[in-house]
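FYI, it's all coordinate maths here, none of it is from the lab. Remember, predicted model here, so these are calculated numbers, not experimental data. Glycine also receives a Cβ, built like all others from the backbone with ideal geometry; neighbour counts cover every protein chain displayed.
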Amino acid sequence: MSQNASEQLFARARELIPGGVNSPVRAFRSVGGAPFFVKAARGARLVTADDRELIDFVCTWGPAIHGHNHPRIRAAIAAALEHGTSFGTPNPLEVEMAELITRFVPSIRKVRMCSSGTEATMSAIRLARGFTGRDKIIKFSGCYHGHSDSLLIKAGSGALTHGNPDSAGVPASFARETLVLPYNDRAALEAAFAAHPAQVASVIIEPYCGNVGFIMPDPGYLAFLREITRREGTVLIFDEVMTGFRIARGGVQEREGITPDLTCLGKIIGGGLPVGAFGGRADIMDHLAPLGPVYQAGTLSGNPLAMAAGIAGLRLLEETNPYGRLEALGSRLREAVLDACRTKGIPVQFPQCGSMFSIFFTDTPVRDYATALRGDAKLFGRFFHGSLQRGVYLAPSAYEAGFLSTAHEGADIDQACAALSAAIAAL
Ligand code: KE4
């Protein structure tokens, strides 16, 4: 059988790009099979190199909250493009973006733009260490904050052991400064601070986890985390690269009423172009160069095209306030999957908040990394491919979040629910 276009492209890509992809999750290693290539995207749909249309629940991992290639965002990029692509100087759009971010997220009194979520969290960690003069940081197993060395760390045998690198190439000396604790575990936090008094510069958390599947905090957990970090003089960083402007206009911190010291942002604020940002208390942010001793920089930070795209997307959120509609879409999808699994007799958890969700095939409620691993990943792989064959693209891993956009409304959500139900019935 002749190779289709995606197969031919993947064969060429594997010759020159490690694994044939520019980001590992795209290689389908977790679900098996070979990835398709996409040549266009619009609304809720992707168009593959083989001219297949797929209803997309990855939404380029979060940015496409208004659907792909939204005309307002496209027009904003085109208008900015008339004036050039990058200046390497301050530009008016950076100021407009900073004013929007600080208006949407009141805890952010000052903000610095960068070009990825990884840069945002890496810089926020360095800033917290520079501000406190402390070296240790705490993260949580299952939370992903991009691929900087200090954050590619997972717990050793016990929750309090020093982290082990999650990747080759991370020096053990770096891992020793990162403590990895179970999410949703108050005792582990108390014990970690007792074992390392006045040594912890920062706690960084995805307040709603989107990188181990979708997991929400136990009631009161985030308030506890805010209290203990305040007590310990530790900088609390909310990594809202994924949840910012998605869970609510002001992110999880608005929905939960918690004020972190620093927040990391990305994805939606770039409208699909490369972007990251970190910001928060002015007394912390003013430690950044050129004002203070913590260095951080970037050639394309505040890039005018990315700013134009992100500003258009944020203004669209302000004008349309889509969160009720996104919640309705998310619960519609949830009910369809739960009904189909009930009929089939398959145990399932479908955690969902607004336009973020995930599917764990287990009868155990998922509240942390350990319970997420109890999901049947092989069954998820079969579900993934059954859905793909029926024209629906889910995240190619049981340990990722799914995303909806306002463009899913109407025929697409109807078609997707029918396809997912059929895929479950065929398992
Ligand atoms: P980037 O460096 O990929 O822009 O952002 C890193 C990052 C930081 N914080 C959170 C909460 C994130 O979800 C991410 C990136 N998310 C992944 C999805 N699991 C991006 C997809 C990929 O790695 O290809």
### Message
If packing is taken as the average number of other Cβ atoms within 10 Å across a peptide's residues, how do 252-259, 271-278 rank, most packed first?
### Response
271-278, 252-259
#### Entry: Modelled label reach - Ser167, point 7 Å along Cα→Cβ, the range 201-230 residues with backbone N closer than 19 Å
204-206, 210-213
### Task
Taking a cut-off of 20 Å between Cα atoms, list the aspartates and glutamates near Lys110, but don't count ones fewer than 8 places away on the same chain.
Glu94, Glu96, Glu99, Glu119, Asp239, Glu240, Glu254, Asp261, Asp283, Asp286
### Task
Work through the residues other than Leu152 whose Cβ is under 12 Å from its Cβ and net out their charges, Lys, Arg +1 and Asp, Glu -1.
0
### Query
Local charge sum around Glu94 (other residues, Cβ-Cβ under 14 Å, Lys/Arg +1, Asp/Glu -1)?
0
### Of the DSSP H helices in the chain, those whose Cα atoms cover at least 27 Å axially and whose Kyte score averages -1.0 or more
323-344
### Query
Remind me, relative contact order of the range 71-319 in percent, using alpha carbon pairs under 8 angstrom and six or more residues apart?
30
## Note on the structure
From fewest to most C-beta neighbours within 10 Å, the residues Tyr183, Tyr323 line up as Tyr323, Tyr183
#### Entry: Mean residue ellipticity (222 nm) of the chain, computed from DSSP H runs ≥ 4 via -39,500 (n - 2.57), nearest 500
-11500 deg cm²/dmol
### Residues Arg42, Arg226 arranged by fewest to most Cβ contacts within 10 Å
Arg42, Arg226
#### Entry: Value of relative contact order over the chain, rounded to a whole percent, pairs C-alpha under 8 Å and six or more apart
21
### Query
How many nm is it between the label spots at Phe87 and Glu327, if each spot is 7 Å from the Cα in line with the beta carbon?
4.1
### Summary
the range 1-79 and the range 163-180 have their Cα centres apart by a whole-number Å value of 32
### Task
Please list, in chain and number order, the residues 5+ apart from Arg246 or on another chain whose amide H is under 5 Å from its amide H, with Hs placed from the backbone.
Gly251
### Query
Ranked by Cβ crowding within 10 angstrom, fewest neighbours first, how are Asp412, Asp50 ordered?
Asp50, Asp412
